[in-house]
Amino acid sequence: MILSIHGEVVAAHGRQYRVALADGTTVLAFPRGKKSEIACGDRVDVTPGGDGQAVIDAILPRQSLLYRSDEFRRKLIAANVTQIVFVVAVEPGFSDELLTRCLVAAEDQDLRLLIVLNKCDLQDRIAPARALLAPFTQLGYSVLELSAQSSAEALRPQLSGQTSVLVGQSGMGKSTLINALIPGAAAATREISAALDSGKHTTTHATLYRFDADSALIDSPGLQELGLHHLDIGAIEQGFVEFRPFLGHCRFRNCRHEREPDCALRAAVADGHIHPRRFEAFRTLRAQSE
């Protein structure tokens, strides 16, 4: 009788997964049934078969799950992460609204979030990028400035003891960071891509690289949007950390923070305690959650 053994999903693409086993080998694994809700970083039980393949029998309890959703479906990004590393660059321009959404997702899952400002060797472009990030640094979120081409090692101490997922729009330099931090990562990605038949895109699937027993980094595909349709209005409000002192102080318990009299949030915006762009991002998120 073949018994299930534990493994960790180190690459996910469609219904195909690479699972690393305790002995250091990997197997190509497939879920039982037609529906697949497995993410890179999941810990799973697998039953080995022939030709280096296996069947995934069960997903072990998760510490966290990061995913995006709209009103029709959801797409898993990574499981069991403790930290999101959100990569932006001084060029091309980046979306602060996408960063806000990622922060809300991080707060909902109680994850640390580190913002990496890449391509800082372009000195004349740094000031506008810093200005766009100012509302976030004022809230206490950490920003690490570096150039993936020359100073990627500055990120390594921030990854120690964490299972991090690297998130950002395409073109921000995530792949350059990965290749600088993990020698051989490009070759490993090509090997996994061939095994999963995932095409020739730069990153079409999430891939986990383990530094040691306590530290790992998941590279995710470029993210152009992050739908949070799965979060209710209360979770969205709590995801804006600067809102918390004012929540529950509106005149009406079910205040929508629109035109209601004595709205504590709108008063906080007027008094400079909440940045207008953050408040507008909240209103957009709330409208999409309804």
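The values are calculated or read from the model by the stated rules, or taken from the named source; none is laboratory data. These figures come from a predicted structure and were not determined experimentally. Note that each Cβ is placed from the backbone with ideal geometry, even for glycine, and that neighbours are counted across all protein chains shown. All accessible areas refer to the heavy atoms of the entire protein, side chains included, with ligands and DNA or RNA removed. Shrake-Rupley method; radii C 1.70, N 1.55, O 1.52, S 1.80 Å.
For ALA154, the conditions (1) under 19 Å from the mean Cα position of the chain (by Cα); (2) at pLDDT 95 or above; (3) open to solvent by 10 Å² or more (accessible area, probe 1.4 Å) are fulfilled apart from (1). Just one of the numbered conditions (1) in contact with a Leu (Cβ under 7 Å, 6 or more places away or on another chain); (2) at pLDDT 90 or above is not true of SER289; which one? Condition (2) is where SER289 drops out. Taken over segment 5-31, the criterion of being open to solvent by 50 Å² or more (accessible area, probe 1.4 Å) and touching a Pro at 6+ places or on another chain (Cβ under 8 Å) is satisfied by ILE5, ARG15.
If we scan segment 161-177, do we find a residue that is open to solvent by 40 Å² or more (accessible area, probe 1.4 Å), of a type outside the set (A, V, I, L, M) and more than 21 Å from the chain's Cα centre (by Cα)? The answer is no, given that none of the residues of segment 161-177 is open to solvent by 40 Å² or more (accessible area, probe 1.4 Å), of a type outside the set (A, V, I, L, M) and more than 21 Å from the chain's Cα centre (by Cα). Among the residues making up segment 248-265, those that are in a loop (DSSP other than H, G, I, E, B) and under 15 Å from LEU285 (Cβ atoms) are ARG256, HIS257, GLU258. Residues that are crowded, with 18+ Cβ neighbours inside 10 Å and touching a Lys or Arg at 6+ places or on another chain (Cβ under 6 Å) within segment 86-134 comprise VAL87, ALA89, VAL90, listed in sequence order. Within segment 52-74, can one find any residue that is at pLDDT below 85, within 14 Å of GLY7 (Cα to Cα) and of a type in the set (Gly, Ala, Ser)? Within segment 52-74 (the criterion being at pLDDT below 85, within 14 Å of GLY7 (Cα to Cα) and of a type in the set (Gly, Ala, Ser)), the answer is yes, since at least one residue qualifies. Suppose the filter is surrounded by 14 or more Cβ atoms within 10 Å (Cβ to Cβ), part of a loop (DSSP other than H, G, I, E, B) and among the β-branched types (Val, Ile, Thr); does VAL81 pass it? Yes: the conditions hold for VAL81. Every condition in (1) modelled with pLDDT of 95 or more; (2) basic (Lys, Arg); (3) over 20 Å from the mean Cα position of the chain (by Cα) holds for ARG125 except the one numbered (1). I need the full set of residues from segment 59-78 which are open to solvent by 40 Å² or more (accessible area, probe 1.4 Å) and of a type in the set (A, V, I, L, M, F, W, C), in order please. Answer for segment 59-78, where residues must be open to solvent by 40 Å² or more (accessible area, probe 1.4 Å) and of a type in the set (A, V, I, L, M, F, W, C): ILE59, LEU60, PHE72. How many residues, within segment 86-124, are within 20 Å of GLY222 (Cβ to Cβ) and either in a helix (DSSP H, G or I) or not hydrophobic (A, V, I, L, M, F, W, C) (or both)? So the count comes out to 17.
Number of residues in segment 225-251 that are buried (at least 17 other Cβ atoms within 10 Å of the Cβ) and among the β-branched types (Val, Ile, Thr): the value is 1.
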